[in-house]
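K.L.:
I am attaching a structure below and will ask some questions about it afterwards.
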Amino acid sequence: EAQVTQNPRYLITVTGKKLTVTCSQNMNHEYMSWYRQDPGLGLRQIYYSMNVEVTDKGDVPEGYKVSRKEKRNFPLILESPSPNQTSLYFCASSLDGGRYEQYFGPGTRLTVT
Amino acid sequence: DQQVKQNSPSLSVQEGRISILNCDYTNSMFDYFLWYKKYPAEGPTFLISISSIKDKNEDGRFTVFLNKSAKHLSLHIVPSQPGDSAVYFCAASDSGTYKYIFGTGTRLKVLA
């Protein structure tokens, strides 16, 4: 089954404790992306990757890091989480960027206290 | 500055009637537009898209209209069904930058 998986689905952590949210896709997609969803703000793009080892900033990259060492995986790293990063996070992938629909993972709800 | 706006946070429609969801954008470089549907506790799922070279695209009960001069697009759902109740996001991309900009979403409720 074609899918995007994220882990963990729920995470409660404390300020400053480094964490990684994993994302994996099995569709051989070139493009992968991370979004956060906040009330009244919709979905905002954090980082995206056009291919292995090629990443770029979205609209809200501050406080986040990403890497794309393999085509299928695109982890999101919060080196020193803060309460304003409490949000619902989605990973997505598509055949290519810009002109293709994205397939989204189920989401990761992160709470930083 | 919100480049993609969905000015109606919510919309209620009777089953069988037409639902019209609207989206406005400001960046004239956007050349591809998409609509996604999102149910609670799930990720968004793709509904329909349109290229800037077209003004209409249909897929079953869903039609997207694009008015480039007004920088406006709309999603029509006919007939609306209770299972269409969800949050709908419009998104825009400039294919040269690989970025996607989403609107804030419209919550559609279809009443049986």
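The values are calculated or read from the model by the stated rules, or taken from the named source; none is laboratory data. Please read all numbers here as calculations on a predicted model, not as lab measurements. Using ideal geometry, Cβ is built from the backbone for each residue, glycine included, and neighbour counts are taken over all protein chains shown. Surface areas here come from the heavy atoms of the whole protein model, side chains and all, with no ligands, DNA or RNA. Shrake-Rupley method; radii C 1.70, N 1.55, O 1.52, S 1.80 Å.
K.L.:
Looking at this structure, is residue A:80 open to solvent by 70 Å² or more (accessible area, probe 1.4 Å) and either out of contact with any Lys or Arg (no Cβ under 8 Å at 6 or more places or on another chain) or not hydrophobic (A, V, I, L, M, F, W, C) (or both)?
P.N.:
Considered against the rule, which asks whether it is open to solvent by 70 Å² or more (accessible area, probe 1.4 Å) and either out of contact with any Lys or Arg (no Cβ under 8 Å at 6 or more places or on another chain) or not hydrophobic (A, V, I, L, M, F, W, C) (or both), residue A:80 comes out as yes.
K.L.:
Residue B:24 versus (1) over 19 Å from residue B:99 (Cα atoms); (2) open to solvent by 30 Å² or more (accessible area, probe 1.4 Å); (3) in contact with a Leu (Cβ under 9 Å, 6 or more places away or on another chain): which is the lone unmet condition?
P.N.:
(1)
K.L.:
Somewhere in region B:75-86, is a residue under 11 Å from the mean Cα position of the chain (by Cα), more than 27 Å from residue A:32 (Cβ to Cβ), in a strand (DSSP E or B) and of a type outside the set (Asp, Glu)?
P.N.:
yes
K.L.:
When region A:62-113 is examined, which residues are found to be modelled with pLDDT under 95 and among the basic types (Lys, Arg)?
P.N.:
Hit for region A:62-113 is A:99, nothing else.
K.L.:
Looking at (1) within 14 Å of chain B (Cβ to nearest Cβ); (2) open to solvent by less than 70 Å² (accessible area, probe 1.4 Å); (3) within 15 Å of the chain's Cα centre (by Cα), can you tell me which one residue A:10 breaks?
P.N.:
(2)
K.L.:
Against the definition (at pLDDT below 95 and over 16 Å from residue B:10 (Cβ atoms)), how does residue B:68 come out, yes or no? Don't jump to the end; show me each part of the working.
P.N.:
Working: at pLDDT below 95: no; over 16 Å from residue B:10 (Cβ atoms): yes.
So residue B:68 fails the test.
K.L.:
Sort out for me the strands (runs of 3 or more DSSP E) sitting completely within chain A that have 3 or more residues that are without any contact (Cβ under 8 Å) to a residue 60 or more places away in the chain.
P.N.:
Numbers: elements: A:4-7, A:10-13, A:19-25, A:31-38, A:42-51, A:54-57, A:76-78, A:87-94, A:108-112.
The strands (runs of 3 or more DSSP E) meeting that bar are A:19-25, A:31-38, A:42-51, A:54-57.
K.L.:
Since residue B:73 meets every condition but one in (1) away from chain A (no Cβ under 11 Å); (2) within 23 Å of residue A:100 (Cβ to Cβ); (3) open to solvent by 10 Å² or more (accessible area, probe 1.4 Å), which condition does it not meet?
P.N.:
Unmet for residue B:73, out of (1) away from chain A (no Cβ under 11 Å); (2) within 23 Å of residue A:100 (Cβ to Cβ); (3) open to solvent by 10 Å² or more (accessible area, probe 1.4 Å): (3).
K.L.:
Could you look through region B:1-21, keep only residues that are open to solvent by 30 Å² or more (accessible area, probe 1.4 Å) and part of a strand (DSSP E or B), and pick out the one that is nearest to residue B:106 (Cα to Cα)? Working first, answer last.
P.N.:
Restricting attention to region B:1-21, the residues satisfying the condition of being open to solvent by 30 Å² or more (accessible area, probe 1.4 Å) are B:1-3, B:5, B:7-12, B:14-18, B:20.
Still in the running and part of a strand (DSSP E or B): B:5, B:10-12, B:14, B:20.
On the way: B:5: 10, B:10: 5, B:11: 7, B:12: 10, B:14: 16, B:20: 10 Å.
Here the residue is B:10.
K.L.:
Kindly evaluate residue B:10 against the criterion of being small (Gly, Ala, Ser) and farther than 17 Å from residue A:42 by Cα.
P.N.:
No; evaluated as a whole, the condition is false for this residue.
K.L.:
Identify all residues within region A:83-108 that are surrounded by fewer than 16 Cβ atoms within 10 Å (Cβ to Cβ) and within 18 Å of residue A:61 (Cα to Cα); write none if there are none.
P.N.:
Within region A:83-108, A:83, A:84 meet the criteria.
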